[in-house]
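Read through the structure below, which is laid out as structure tokens, and then see the notes.
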Amino acid sequence: MSRTNTLLIVLVVLAMVMAGCSPAATPTKAVPTAAPAKTLSFAMVTDQSGLGDQAFNDATWSGFEALKKDFGVTIKVVESSEQAQYVPNLSTLAEQKEDMIVGVGFLMKDAMNEVAPQYPNIHFALVDSYVNQPNVACIQFKENEGAFLMGAIAAYMSKTRKVGFVGGMETEVVKRFEAGYRAGVMTVDPKVKVLVSYAGAFNDPAKGKELALAQYHQGADVIFQVAGLTGTGVIDAAKETNKMVIGVDRDQNYLAPHNVISSMVKGLGKGVYNVGKLVVEGKFKGGSYRYGLAEGGVDIAPSTSKNVPPDILAKVKKIKQMIIDGKIKPPATLDELKTFTPPTLP
Amino acid sequence: MGIWSQVLTITLVTGAIRSATPILYPALAGIFSERSGVLNIGLEGVMLISAFAAVVGSYYSGNPWIGVLYAMAAGLLTSLIHAFMCINMRADQAIVGTGVNILGVGLPSFLLLKLFGSQGISPIVPRLHEWRVPFIADLPILGPILGKQSPLVYIALIMVPVSWFILFKTPFGLRLRAAGENPYAAETVGVSVYLMRYSGVLISGVLASLGGAFLSISYLSQFISLMTAGRGFIGLAAMIFGRWNPWGALLACLIFGFADAFQAAAQAANVPIAPQFLLALPYVLTIVALMGAMGRAVGPAYVAKPYEKA
């Protein structure tokens, strides 16, 4: 029996080592720069996806690289391979007296709430979530503004006058997308019907595909997906049925060049850059920093011009300007959507 | 009635069969393994590893059928470890299964990084396209349901009578079941229990691998971390509901698949039911079905019990 147990343990440990290895659990990667008298040092803690995820973490890191280029700050990254590492990773960096410590992703909210009060003199930033701490800058986005434009594009492009929305889970952020999107559709044409489905998961592409096929079957010809990895199934369904789909977070046109007509891109790097700049200038303050269309926090993907005709794109850009000028206020919640009255477009 | 006429259409059945397929494979896989006396809760892990292997095969060869072969090889290898631990080492079978599941999470994401340099998601690879079956596709009702599906859907459906025949109509099937019901009696009449149990687990690995390949290179065209999303476990529930019989398992999978297709259609039609309830429907039905079957569903007597040669 003991031989059995030993072998078993070896198997399980091997498996765990592999599970642990996957997000390259290197402690710190310091990128030194030519040091003047006092170089500021900025650090970032990733979530489990780590660098190389072509999404959240990579986008945030691009903001760090821009800070290094423009202000000569030292930048470093600590990758977390599991949620339990958030607190120790943040604390270690705080002990090292980094000048700014950025946590990426809404999963880091609790860890930030635990660590930030213990180091009141350290500047923290949290991407895509909010905590009420005086020394944490919360970088959030006005997804409803970008989603509003996606709704406008969908309504203009739809020939069946039915458009779809597939969400991952019913979180506050995804609902903010839904509210903005539906308001955008309504503004362009109140008669266009919006089909809404939720997958209940961000990593079940097969379910995403099934939901999308059902919507396409019921007559929708454009779907906006806000579903993380579940959304890759939605894009797959569009490709298979040769319908239109709109991507999220980054320009997803490369996934299906003829079907992904647009994407709502999020400027994570830009958000981090702006907060980092405040630290450099000595103007850092905790609280909520919301970036919308005006600040480049959300935007229409550049690839949109490939599939959306110029006259429609011109109309959408006019709507964008109206939002920036404050003439249109896209609803941020489903409750606000109920009282939203679509403005008349010029 | 307007809404419901949109929901209840023939494509609902098409979708039901599509959703049932990745559950049917692990259900049949579980039947072979457990009938031979080896508990197999590692099917989720086997499916993940083979879903990844399928993508690797299709990526490097450009031919999705090579991907299917890779998946089968990966399923075979993974279940070989399972079989060795459970049969030769007489390890606790639930723990070995858990180990395989952990391996199924870790190994693909580790290799994803090594081979493609990416996290959680593989490049898009050539996938198996639907087959149009000449005669059936022209039939009125059966046509839209079974006329144009993935070859792996047809293989899954064919495997139901084939598995039933092997298990209940051949001497091999009788011996395999004997190893699970009473291995000591089986050994006294000259049946090699080890051989039968190895066969059961390895057949199970190959069947589960096809379920993984269906998800990654037939239904979709890339590997995504944890893409099986519990389908291996739902398959085991279907096996129990079907009382370790392929036909019963097929029925259970179709109920689940139907509920899944129904919730997708109902959500899209804006049926006034909260999405949470609709999403839970397939799982609630599975639990209800399991409770209904509980009193009567009795597995093979020697499942999960290691056999020691006298």
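The values are calculated or read from the model by the stated rules, or taken from the named source; none is laboratory data. All values derive from a computational prediction rather than experimental measurement. We place every Cβ from the backbone using ideal geometry, glycine too, and count neighbours over all the protein chains shown.
The table for this structure:
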{"read-out": "Residue that is nearest to B:Ala280 (Cα to Cα) [pool: residues in region A:185-228 that are of a type in the set (D, E, K, R) and crowded, with 20+ Cβ neighbours inside 10 Å]", "value": "A:Lys207"}
{"read-out": "Pairs, first more than 13 Å from A:Lys270 (Cα to Cα) in region A:63-83, second acidic (Asp, Glu) and assigned to a helix (DSSP H, G or I), C-beta under 8 Å, six or more apart", "value": "A:Ile75/A:Glu65"}
{"read-out": "Evaluation of A:Gln252 against (1) more than 9 Å from chain B (Cβ to nearest Cβ); (2) closer than 28 Å to B:Phe262 by Cα; (3) buried (at least 20 other Cβ atoms within 10 Å of the Cβ) (one fails), failing number", "value": "(2)"}
{"read-out": "Residue among A:Ala183, A:Ala201, A:Ala147, A:Ala154 that alone is assigned to a loop (DSSP other than H, G, I, E, B) and on the phi < 0 side of the Ramachandran plot", "value": "A:Ala201"}
{"read-out": "Any hit, region A:77-89, residues being modelled with pLDDT of 95 or more and within 16 Å of A:Asn57 (Cα to Cα)", "value": "no"}
{"read-out": "Residue within region B:137-148 that is in contact with a Pro (Cβ under 6 Å, 6 or more places away or on another chain) and assigned to a strand (DSSP E or B) present", "value": "no"}
{"read-out": "Scope region A:76-109; condition within 20 Å of the chain's Cα centre (by Cα), surrounded by 14 or more Cβ atoms within 10 Å (Cβ to Cβ) and assigned to a helix (DSSP H, G or I); matching residues", "value": "A:Tyr86, A:Phe106, A:Leu107, A:Met108, A:Lys109"}
{"read-out": "Only one of B:Leu43, B:Leu80, B:Leu76, B:Leu39 that is touching a residue at least 40 places away in the same chain (Cβ under 8 Å), closer than 17 Å to B:Leu207 by Cα, out of contact with any His (no Cβ under 9 Å at 6 or more places or on another chain) and surrounded by 24 or more Cβ atoms within 10 Å (Cβ to Cβ)", "value": "B:Leu43"}
{"read-out": "Pick from region B:2-36, criterion polar (S, T, N, Q) and closer than 21 Å to B:Trp131 by Cα, ranking: surrounded by the fewest Cβ atoms within 10 Å (Cβ to Cβ)", "value": "B:Thr11"}
{"read-out": "Among (1) at the interface with another protein chain (Cβ under 9 Å from one of its Cβ atoms); (2) hydrophobic (A, V, I, L, M, F, W, C); (3) crowded, with 18+ Cβ neighbours inside 10 Å - the single one B:Ile255 does not satisfy", "value": "(1)"}
{"read-out": "Residue pairs meeting the criteria (Cβ under 6 Å; at least 6 apart or on separate chains; first closer than 23 Å to A:Phe202 by Cα and in the same structural domain as A:Val194 (by TED's automatic domain parsing), in region A:146-173; second of a type in the set (S, T, N, Q) and surrounded by 19 or more Cβ atoms within 10 Å (Cβ to Cβ))", "value": "A:Gly164/A:Gln215; A:Val166/A:Ser197; A:Val166/A:Gln225; A:Gly168/A:Thr230"}
{"read-out": "Of all residues making up region B:208-243, the number that are hydroxyl-bearing (Ser, Thr, Tyr), more than 21 Å from B:Thr286 (Cα to Cα) and in a loop (DSSP other than H, G, I, E, B)", "value": "2"}
{"read-out": "Count - residues of region B:63-104 that are more than 14 Å from every other protein chain (Cβ to nearest Cβ) and among the aromatic types (Phe, Trp, Tyr)", "value": "2"}
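Yes/no matrix, rows are residues, columns are (1) farther than 28 Å from A:Thr46 by Cβ; (2) in a strand (DSSP E or B):
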position	(1), (2)
A:Pro257	yes, no
A:Met264	no, yes
A:Gly271	no, no
A:Leu278	no, no
A:Lys283	no, no
A:Gly296	no, no
A:Asp299	no, yes
A:Leu313	yes, no
A:Ile328	yes, no
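Matching residues to (1) modelled with pLDDT of 95 or more; (2) outside any helix (DSSP H, G or I); (3) under 21 Å from B:Leu146 (Cβ atoms):
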| site | (1), (2), (3) |
| --- | --- |
| B:Leu12 | no, no, yes |
| B:Ala16 | no, no, yes |
| B:Tyr25 | yes, no, yes |
| B:Ile31 | yes, no, no |
| B:Gly45 | yes, no, no |
| B:Gly57 | yes, no, no |
| B:Val68 | yes, no, yes |
| B:Ser79 | yes, no, no |
